[in-house]
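A.B. asks: The structure under discussion is supplied below as C-alpha coordinates; questions concerning it will follow.
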Amino acid sequence: QVQLVESGGGLVQAGGSLRLSCAASGSIFSRNEMGWFRQAPGKQRELVAHITSNGRTNYADSVKGRFTISKDNAKNTVYLQMNSLKPEDTAVYYCNEKAGLVVLRSWGQGTQVTVSS
(Lines give C-alpha, C1' and ligand atoms only; values in the text may rest on other atoms or scores of the structure.)
Protein backbone atom coordinates (compact mmCIF):
# COMPACT_ATOMS: atom_id res chain seq x y z
CA GLN A 1 0.00 0.00 0.00
CA VAL A 2 1.50 3.31 -1.09
CA GLN A 3 1.59 5.91 1.66
CA LEU A 4 1.77 9.65 1.10
CA VAL A 5 3.35 11.93 3.70
CA GLU A 6 2.96 15.67 3.42
CA SER A 7 5.26 18.15 5.15
CA GLY A 8 6.43 21.74 5.03
CA GLY A 9 3.41 23.60 6.30
CA GLY A 10 3.50 26.28 8.94
CA LEU A 11 2.49 29.78 9.95
CA VAL A 12 3.48 32.58 7.61
CA GLN A 13 2.53 36.21 7.13
CA ALA A 14 0.61 37.32 4.07
CA GLY A 15 2.98 37.75 1.16
CA GLY A 16 5.29 35.04 2.43
CA SER A 17 6.29 31.72 0.93
CA LEU A 18 6.25 28.05 1.85
CA ARG A 19 7.38 24.91 0.09
CA LEU A 20 5.36 21.78 0.69
CA SER A 21 6.67 18.27 0.07
CA CYS A 22 4.84 15.00 -0.49
CA ALA A 23 6.84 11.82 -0.21
CA ALA A 24 5.49 8.52 -1.49
CA SER A 25 6.52 5.12 -0.22
CA GLY A 26 6.46 3.72 -3.73
CA SER A 27 7.32 4.77 -7.27
CA ILE A 28 4.08 6.24 -8.50
CA PHE A 29 4.96 9.71 -9.73
CA SER A 30 6.47 8.58 -12.98
CA ARG A 31 3.28 6.79 -14.05
CA ASN A 32 0.35 8.89 -12.93
CA GLU A 33 -0.91 12.36 -12.24
CA MET A 34 -0.24 13.83 -8.82
CA GLY A 35 -2.31 16.56 -7.29
CA TRP A 36 -2.12 18.96 -4.39
CA PHE A 37 -5.44 19.56 -2.69
CA ARG A 38 -6.50 21.75 0.20
CA GLN A 39 -9.35 21.88 2.65
CA ALA A 40 -10.20 25.00 4.59
CA PRO A 41 -12.41 24.87 7.69
CA GLY A 42 -16.02 24.40 6.74
CA LYS A 43 -15.22 23.95 3.06
CA GLN A 44 -14.89 21.03 0.71
CA ARG A 45 -11.51 19.74 -0.32
CA GLU A 46 -10.41 21.30 -3.60
CA LEU A 47 -7.71 20.57 -6.14
CA VAL A 48 -5.23 23.43 -6.41
CA ALA A 49 -2.57 21.99 -8.73
CA HIS A 50 -1.70 18.84 -10.57
CA ILE A 51 1.19 17.49 -12.58
CA THR A 52 1.00 14.75 -15.20
CA SER A 53 3.40 11.88 -15.67
CA ASN A 54 5.20 13.83 -18.39
CA GLY A 55 5.40 17.02 -16.35
CA ARG A 56 2.50 19.09 -17.63
CA THR A 57 0.95 21.24 -14.93
CA ASN A 58 -2.38 22.87 -14.27
CA TYR A 59 -3.61 25.17 -11.51
CA ALA A 60 -6.79 26.43 -9.96
CA ASP A 61 -7.47 30.04 -10.91
CA SER A 62 -7.13 31.08 -7.28
CA VAL A 63 -3.45 30.06 -7.14
CA LYS A 64 -2.34 30.53 -10.75
CA GLY A 65 0.81 32.60 -10.94
CA ARG A 66 1.57 32.12 -7.24
CA PHE A 67 1.91 28.34 -6.78
CA THR A 68 4.20 25.98 -8.66
CA ILE A 69 3.94 22.19 -8.60
CA SER A 70 6.95 20.05 -9.44
CA LYS A 71 8.19 16.54 -8.85
CA ASP A 72 11.34 14.50 -8.50
CA ASN A 73 10.65 10.98 -9.72
CA ALA A 74 13.95 9.68 -8.39
CA LYS A 75 13.02 10.83 -4.88
CA ASN A 76 9.34 9.87 -5.18
CA THR A 77 8.50 13.39 -4.04
CA VAL A 78 6.19 16.07 -5.34
CA TYR A 79 6.48 19.70 -4.26
CA LEU A 80 4.26 22.74 -4.06
CA GLN A 81 6.05 26.07 -3.98
CA MET A 82 3.65 28.68 -2.66
CA ASN A 83 4.51 32.36 -3.04
CA SER A 84 2.60 35.56 -2.32
CA LEU A 85 0.47 33.70 0.19
CA LYS A 86 -2.89 35.13 1.18
CA PRO A 87 -5.03 34.53 4.28
CA GLU A 88 -7.50 32.68 2.05
CA ASP A 89 -4.79 30.10 1.34
CA THR A 90 -5.12 28.93 4.94
CA ALA A 91 -6.04 25.23 4.84
CA VAL A 92 -4.78 21.73 5.36
CA TYR A 93 -2.90 20.69 2.24
CA TYR A 94 -2.87 17.13 0.94
CA CYS A 95 -1.34 15.34 -1.99
CA ASN A 96 -2.74 12.35 -3.81
CA GLU A 97 -2.36 10.30 -6.93
CA LYS A 98 -5.22 10.91 -9.31
CA ALA A 99 -6.76 9.81 -12.55
CA GLY A 100 -8.98 12.55 -13.86
CA LEU A 101 -11.40 13.43 -11.06
CA VAL A 102 -10.71 10.27 -9.08
CA VAL A 103 -8.14 10.06 -6.30
CA LEU A 104 -6.43 6.72 -6.09
CA ARG A 105 -4.89 6.57 -2.62
CA SER A 106 -5.98 6.98 0.96
CA TRP A 107 -5.59 10.50 2.26
CA GLY A 108 -2.60 11.23 4.43
CA GLN A 109 -2.49 13.50 7.46
CA GLY A 110 -1.94 16.59 5.39
CA THR A 111 0.08 19.62 6.42
CA GLN A 112 -1.42 22.76 7.92
CA VAL A 113 -0.77 26.09 6.23
CA THR A 114 -1.84 29.19 8.11
CA VAL A 115 -1.44 32.64 6.58
CA SER A 116 -1.87 35.60 8.88
CA SER A 117 -2.94 39.01 7.65
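A.B. asks: Could you tell me which of the residues Ser84, Ser70, Ser117 is among the small types (Gly, Ala, Ser), under 19 Å from Gly9 (Cα atoms) and within 12 Å of the chain's Cα centre (by Cα)?
C.D. replies: Working: Ser84 fails: within 12 Å of the chain's Cα centre (by Cα); Ser117 fails: within 12 Å of the chain's Cα centre (by Cα).
One residue alone meets the criteria, Ser70.
A.B. asks: Restricting to region 68-80, count the residues that are in contact with a Phe, Trp or Tyr (Cβ under 7 Å, 6 or more places away or on another chain), open to solvent by 30 Å² or more (accessible area, probe 1.4 Å) and part of a strand (DSSP E or B).
C.D. replies: Of the residues in that region, 2 qualify.
A.B. asks: Could you please find all residues in region 49-67 being closer than 12 Å to Met34 by Cβ, under 14 Å from the mean Cα position of the chain (by Cα) and open to solvent by 40 Å² or more (accessible area, probe 1.4 Å)?
C.D. replies: Thr57, Asn58
A.B. asks: Right, something else. Working carefully through the options Asn54, Asn58, Asn96, find the one that is in a strand (DSSP E or B) and over 18 Å from Ser21 (Cβ atoms).
C.D. replies: On the way: Asn54 fails: in a strand (DSSP E or B); Asn96 fails: over 18 Å from Ser21 (Cβ atoms).
It is Asn58.
A.B. asks: Test of understanding: among Gln39, Gln13, Gln3, which residue is in contact with a strand residue (DSSP E or B) (Cβ under 9 Å, 6 or more places away or on another chain) and more than 23 Å from Gln109 (Cβ to Cβ)?
C.D. replies: Values: Gln39 fails: more than 23 Å from Gln109 (Cβ to Cβ); Gln3 fails: more than 23 Å from Gln109 (Cβ to Cβ).
The conditions single out Gln13.
A.B. asks: Can you name the residue in region 9-48 that is closer than 10 Å to Tyr93 by Cα and in a loop (DSSP other than H, G, I, E, B) and is also most open to solvent (accessible area, probe 1.4 Å) among such residues?
C.D. replies: Within region 9-48, the match that is most open to solvent (accessible area, probe 1.4 Å) is Arg45.
The values are calculated or read from the model by the stated rules, or taken from the named source; none is laboratory data. Note that the structure is a prediction, hence the values are computed from the model and not measured. Cβ: placed from backbone, ideal geometry, glycine included. Neighbour counts: every protein chain shown. Note: accessible area is taken over every heavy atom of the protein model, side chains too, but ligands, DNA and RNA are not part of it. Shrake-Rupley method; radii C 1.70, N 1.55, O 1.52, S 1.80 Å.
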